[in-house]
Amino acid sequence: MVFLADMLRPFIERLLEANANPDALVFGLTTEIPFEPKNVARKAQTAWRAENKRREEVHEGSGEAAKLGLLEPITLHEARHSFSTFLDHAGVSEACADRYMVHSNGSVAGRYRHLLPGQIAEDRKLFDAYLEGVTAGKVVPLTAAQ
């Protein structure tokens, strides 16, 4: 089972629906190369360029993009830091967050501590509620360090 926030599901579903092959990989190229960070980075750069172009075109026509501003690309490593921070602010335990982040843990306690059935679903609910609160203005969003 994979931890996937509800707000990301429509994006992943569109990626899956866009591919006629039911065995297609969302982020990988082939089954021999299922995941390469450089491939995800390349896809992300293409998406950022397209969205920034759209925002520039909308800006010339109305004013929506002026309010939104252009996107500044981030790396997978930066995304991992954000995910970890958001899990913490959502109230997900450090032990569970470490598992979702796939952190290695060499301690004896880490070897014998396991997620209980339903824990991923409960933590996802916490995470989704936190993200919904941010987007609804009920939670103060984190800002990048200046």
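For segment 1-97, what does the alpha-carbon gyration tensor say about shape, rounded, prolate or oblate, given a ≥ b ≥ c as the root eigenvalues, a/c under 1.5 as rounded, and a/b over b/c as prolate?
On the way: a/c = 1.93, a/b = 1.21, b/c = 1.59.
In terms of gyration-tensor shape, oblate.
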Q. What residues of segment 1-37 lie in the reach of a label at residue 126, counting those whose backbone N is under 20 Å from a point 7 Å from the Cα along Cα→Cβ?
A. 1-8
Q. Which length gain, in nm to one decimal place, applies between residue 93 and residue 60 when the Cα-Cα distance is subtracted from 0.36 nm times their residue separation?
A. 7.3 nm
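Evaluate E = 1/(1 + (r/R0)^6) for residue 53 and residue 8, where r is the Cβ-Cβ distance and R0 equals 25 Å; express this FRET efficiency to the nearest 0.05.
0.65
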Q) Using a Förster distance of 30 Å, how high is the FRET efficiency between residue 18 and residue 119, based on the Cβ-Cβ distance and rounded to 0.05? A) 0.40
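Can you work out the accessible area per residue across segment 1-59, with the rest of the protein chains kept in place, probe 1.4 Å, in square angstrom?
Numbers: 4700 Å² over 59 residues.
Ligands and nucleic acids excluded, the figure is 80 Å² per residue.
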Q | Exposure ranking of 7, 101 by accessible area [1.4 Å probe, largest first] | A | 7, 101
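For segment 4-44, what % of the accessible area comes from carbon and sulfur atoms, probe 1.4 Å? The partial results should precede the final answer.
Numbers: 2040 of 3230 Å².
Looking at segment 4-44 in its full context, I get 63 percent from C and S.
The values are calculated or read from the model by the stated rules, or taken from the named source; none is laboratory data. If you're wondering where the values come from, they're calculated on a predicted model, not measured in any experiment. We place every Cβ from the backbone using ideal geometry, glycine too, and count neighbours over all the protein chains shown. We work out accessible area using only protein heavy atoms, side chains counted, and drop any ligands, DNA or RNA first. Shrake-Rupley method; radii C 1.70, N 1.55, O 1.52, S 1.80 Å.
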